[in-house]
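Worksheet: the structure to be examined is printed underneath.
The values are calculated or read from the model by the stated rules, or taken from the named source; none is laboratory data. Please read these numbers as outputs of a predicted model, since none were measured by experiment. Methodologically, a virtual Cβ is constructed for each residue, glycine included, from the backbone with ideal geometry; neighbour enumeration extends over all protein chains shown. We work out accessible area using only protein heavy atoms, side chains counted, and drop any ligands, DNA or RNA first. Shrake-Rupley method; radii C 1.70, N 1.55, O 1.52, S 1.80 Å.
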Amino acid sequence: MDLHFGDGKPTDEERAAVDALLGPPRSSWEGAARDDMRAADLRWARGGREARERRDLLLPGLHALNDRIGWISEGALGYLCRRLTVPPAQAYGVATFYAMFSVKPRPATVLHVCTDLACTAAGASELCAGIEARLGVGSGVSVERGPCLGLCERAPAALAVRAGDPVRTAVSAPATVEGAVLAASAPDSAPVEPPAAMAVPQAGDPSLTLLRRVGVVDPSSLDDYRAHGGYTALRRAFELGPAGVIREVTDSGLLGRGGAAFPTGRKWQATASQPDHPHYLVCNADESEPGTFKDRVIMEGDPFALVEAMTIAAYATGAHQGYLYLRGEYPRALRRLEHAVAQARARGLLGEDVLGQGYAFDIEIRRGAGAYICGEETALFNSIEGYRGEPRSKPPFPVEKGLFGKPTVENNVETLVNVLPILTTGAQAYAAIGTGRSTGPKLFCVSGSVDRPGVYELPFGATLGELLVLAGVRDRLRAVLLGGAAGGFVRPDELDIPLTFEGTREAGTTLGSGVVMAFDDTVPLPRLLLRIAEFFRDESCGQCVPCRVGTVRQEEALHRIVERTGAAAAGDIALLREVGRAMRDASICGLGQTAWNAVESAIDRLGAYE
Amino acid sequence: MTAVPLGVPRRMVEFTVDGEEARVPEGATILDACRASGKDVPTLCQGDTLTPKNACRACVVEVEGSRTLVPACSRRAEPGMEVRTDTERARHSRKIVLELLASSVDLSTTPKAADWIKEYGAKPDRFGPDAARVDESPKIDNDLYVRAYDKCILCYKCVDACGEQWQNTFAISVSGRGFDARIAVEHDAPLTDSACVYCGNCVEVCPTGALSFKSEFDMRAAGTWNEAAQTRTTTVCAYCGVGCNLTLHVQDNEIVKVTSPHDNPVTHGNLCIKGRFGYQHVQNRG
């Protein structure tokens, strides 16, 4: 590679932000001042393969710049590229891929206001208008309307990010104009967020399994975690050995909770048996499905549980390095997990010799930067590796060629946390919970027109109606969205649908990631569908034609019929069906394949345009 | 039917395509098998010298047991696979893909596009006059080639040719995302400020004419470009000792562009700036 870095120079601050991550440059080959090192530099060239192997630090490097400066200038990008031997065109492609980065100058403070489903139903439009009116031009705050912030139980929500050293963040939820403006103008003095347990209406209920420690345990204390049963599952794992752990997980019948419901034991077994090494473990914490916030609540309320569960999964599958890919919009979860990982490392629960068992494992946290597509497992690999978060084509599957081209097991947060009760209570006891084919407890994110929104834990098999009663569903229910934007709507007379993978499938819908969003008849359905279409158009990576152009055509058709029904809408509905079918059949990944689900269900089940 | 490869013998994979037995060497794709048996599966992002990105989805086929359609250009044939290339489902997706593309970009210089649009009954106009299009004017910032991104279907071929598959210059990449994704150099700068070395290998692989020689671009604009009147002569480049093959495209006794045979085992269609663009001295007759 003969790279061309251009003439742009970083400012001292930009250079410092990159150097804080990568260390000072060793020679002028990677951007140090020429005068200091000329003699040494003439003898050898630095960079090359050694630097290219650090390519995966590109995303952290972009974060470092964005956090310190607020945007990424030409000079800064060039310097980062020089340090990592990354071609600037590729780095530019990566920087412009993520919604949280900007390659154009912008104010140091960005206020992200969620305009997604739950927040729109709770008045996000008026909130945005109010905030923009208050923060006129020259306020030093850039207001950006964006997708779900994962704070649906406190909708509407806003997240302020102020660049600097260190970067400061503040959340306002439920957001008022005053609250959001305060968070943006003085993030340090904004009111503290309520504890994670506030998102768990059942908190303290002794029947809980996955959420039992949320609100009970001190999320910053490893001792407290251990006092509440922490690390008994890992000890049990070491007793069982890797094959024994996989057997327990297989026998438990655990299905992945990220939406695809793949048998976890089978995935682990397939990875563990790969001859190629090293193996990697990836925890998918890029919870970006609109309406989903369960992983956030676990990570904020019981972070050590995730660290322990990742350690078990890695041990079972023969991985010594784990990556926790966390969505960029979760600053509090990031802080809690960074602390938990550091604590665990300091106490010998991560590192060279976990629990004195001679097994080495460590976790690196990687922050996403605002891209729903990075929740797709192969797009997530690309994102970690420092490429655009575009999905790869399968096969080969991740168990064979995943992260860095090596066998990789990827599970989401909720799936991993289920491993703890499987090991502590045994596969039999675990499998006795729920139904025959959907075993164990399940987390549901309930939001919208309910009195007690939040994360609910129920054994598989409870009905949609039971869950909604628990959450205090309001009168005049018009529709329920199951599974988020990629899921589907059901009618108020379908509340006896059992909340199991097979039950929802039989009812022609999906459980997805566990979203249950209730809408009463005050919510204008066509506008909601338009928002879903806009979401997919915004979040499409653009790689394949059916999704890149199909999502645009879908949104255009919905715009045309937003105020129309019956015969006047029939032509466009037929068009939607045709395009939707091709998107489902021919898109590379799940984003394009599901982008038409919710709209289709609204037309077919709710009669949205009749 | 059998696709016979050159090189070391490989195991053969047996499967069926549209009910007929097919045998291809291990590692061959479904598309290889289709082509060997004379089936016309439309492709845009597939190229004979590159590993396809399978991004255009024009070549999707049905594979028994697969939930979604699969791209024939990159799915390798597996023993016992049952492939159906011409089902209503596959044809529907291809038709929609053609409609989506033709409604968003200019396919007028894409070979075969018009034929496929006709064959599949695609009606790009039905998305209405307000359908969003890639609205870009041609980028003319150097004397060698022009980038007309309103013709770009984002097949990634130029990115791959400039990057790790051939040139290793990495001057171009994809920026932005979704419908706003574009092929770009760093900071969307002019080509002259980028890492481009003007090998023109991106022009060689572009399937739509989004990248074209300045000479061709100017002649098309003037209405004098006439491919039927051009002769092609393959010769050897005289600039250095490597001996790359050049194909000179000549119209009215003027070289109008230079390509390179893709089946040449040395160049595979790639050239350097001199071979590709350095032909003016031939025409200095004064």
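With 22 Å as the limit, the listed pairs B:Lys53/B:Lys118; A:Lys267/A:Lys394; A:Lys401/A:Lys442 have B:Lys53/B:Lys118; A:Lys401/A:Lys442 beyond it between alpha carbons.
Modelled this way, with points 7 Å down the Cα-to-C-beta line, the labels at A:Asp353 and B:Val282 are 7.3 nm from one another. Dipole magnitude for segment B:142-286: about 180 debye, using +1 per Lys or Arg Cβ and -1 per Asp or Glu Cβ, origin at the Cα centre. Semi-axis lengths, largest first, of the ellipsoid equivalent to segment B:31-165 are 28, 20, 12 Å, with √(5λ) applied to each eigenvalue of the Cα gyration tensor.
Between B:Ala222 and B:Cys240, the simple spin-label model (points 7 angstrom out along Cα→Cβ) gives 3.2 nm.
To the nearest 0.05, what FRET efficiency results for B:Ser66 and A:Asp276 with a Förster distance of 25 Å applied to their C-beta separation? List each step's numbers first, then the result.
Values: r = 25 Å, r/R0 = 1.01.
Between B:Ser66 and A:Asp276 the formula returns 0.50.
Calculate the mean, over all residues of peptide A:575-583, of how many other protein chain Cβ atoms lie within 10 angstrom of the residue's Cβ.
Averaged over the peptide's residues, the number is 4.
Of the residues making up segment B:130-171, those losing 10 Å² or more of accessible area when the isolated chain is joined by the remaining protein chains, with a 1.4 Å probe, are B:Ala131, B:Ala132, B:Ile153, B:Leu154, B:Tyr156, B:Asn168, B:Thr169, B:Phe170. Buried between A and B is an accessible area of approximately 4000 Å², summed over both sides with a 1.4 Å probe.
Evaluated at q = 0.14, 0.24 Å⁻¹, a Debye calculation over the C-alpha positions of segment A:242-310 (equal weights, vacuum) places log10 I(q)/I(0) at -0.54, -1.23.
Approximating the spin labels as points 7 Å out from Cα along Cα→Cβ, the A:Thr232-to-B:Asp143 distance works out to 8.1 nm.
For the protein assembly as shown, the share of accessible area belonging to carbon and sulfur comes to 50 percent (1.4 Å probe, ligands and nucleic acids excluded). Panel note: the C-alpha atoms of segment A:429-521, placed on their principal axes, show extents of 41, 26, 21 Å (largest first).
Between A:Asp362 and A:Glu385, what FRET efficiency follows from the Cβ-Cβ distance if R0 is 30 Å, with the result rounded to 0.05? After rounding, the FRET efficiency stands at 0.95. A 1.4 Å probe run over the protein assembly as shown, with the rest of the protein chains in place, finds 38 Å² accessible per residue. For a test of the definition: using alpha carbon positions, the gyration tensor, and the 1.5 limit on a/c, classify segment A:531-582 as rounded, prolate or oblate. Oblate, because a/c is 1.5 or more while a/b does not exceed b/c. Paramagnetic label reach from B:Arg35 (point 7 Å along Cα→Cβ; backbone nitrogen cut-off under 18 Å): within segment B:183-204, residues B:204. Per-residue ellipticity at 222 nm computed for the protein assembly as shown from its helices equals -10500 deg cm²/dmol, with DSSP H segments shorter than 4 residues left out and the rest contributing -39,500 (n - 2.57).
Please give the contour-minus-distance gain from A:Asp188 to A:Ser125: 0.36 nm per residue of separation, less the Cα-Cα distance, rounded to one decimal in nm. If you can, show how the numbers build up before the last one.
Working: separation 63, 0.36 × 63 = 22.68 nm, distance 2.61 nm.
Net length gain for the segment: 20.1 nm.
Which pairs break 28 Å Cα to Cα here: B:Lys157/B:Lys257; A:Lys104/A:Lys294; B:Lys123/B:Lys151? Walk me through the numbers on the way to the answer.
Working: B:Lys157/B:Lys257 20 Å; A:Lys104/A:Lys294 34 Å; B:Lys123/B:Lys151 18 Å.
Long pairs (Cα-Cα over 28 Å): A:Lys104/A:Lys294.
Over chain A, the ratio between the Cα radius of gyration and 2.2 N^0.38 Å evaluates to 0.96. Given a 10 angstrom Cα cut-off, can you work out which residue in B:Val242, B:Val174, B:Val159 is the most mobile in a GNM of chain B? For chain B, modelled as a Gaussian network with Cα springs under 10 Å, the answer is B:Val242.
Annotation: extensible slack from A:Glu610 through A:Asp205 equals 141.4 nm (criterion: 0.36 nm per residue apart, minus Cα-Cα distance). Only aspartates and glutamates eight or more places from B:Lys95 in sequence, or on another chain, were considered; those with a Cα closer than 16 Å are A:Glu578, A:Asp585, B:Asp40, B:Glu62, B:Asp86, B:Asp115, B:Glu119, B:Asp125.
Ranking B:His92, B:Ile117, B:Thr68 by Cα position along the charge dipole of segment B:67-123, where only Lys, Arg, Asp and Glu carry charges on their C-beta atoms, puts B:Thr68 farthest toward the positive end.
Once R0 is set to 25 Å, what does the formula 1/(1 + (r/R0)^6) return for the Cβ-Cβ distance between A:Arg26 and A:Arg335, expressed as a FRET efficiency to the nearest 0.05? After rounding to 0.05, the efficiency reads 0.20.
Can you give me the span-like helices of chain A, meaning DSSP H runs with 24 Å or more of Cα extent along the axis and Kyte-Doolittle mean at or above -1.0? Membrane-span-like by this rule: A:567-586. If you wrap segment A:196-324 in the convex hull of its Cα atoms and look at it from every side, the mean projected area works out to 8.5 nm².
Normalised radius of gyration (Cα atoms, divided by 2.2 N^0.38 Å) for segment A:304-441: 1.11.
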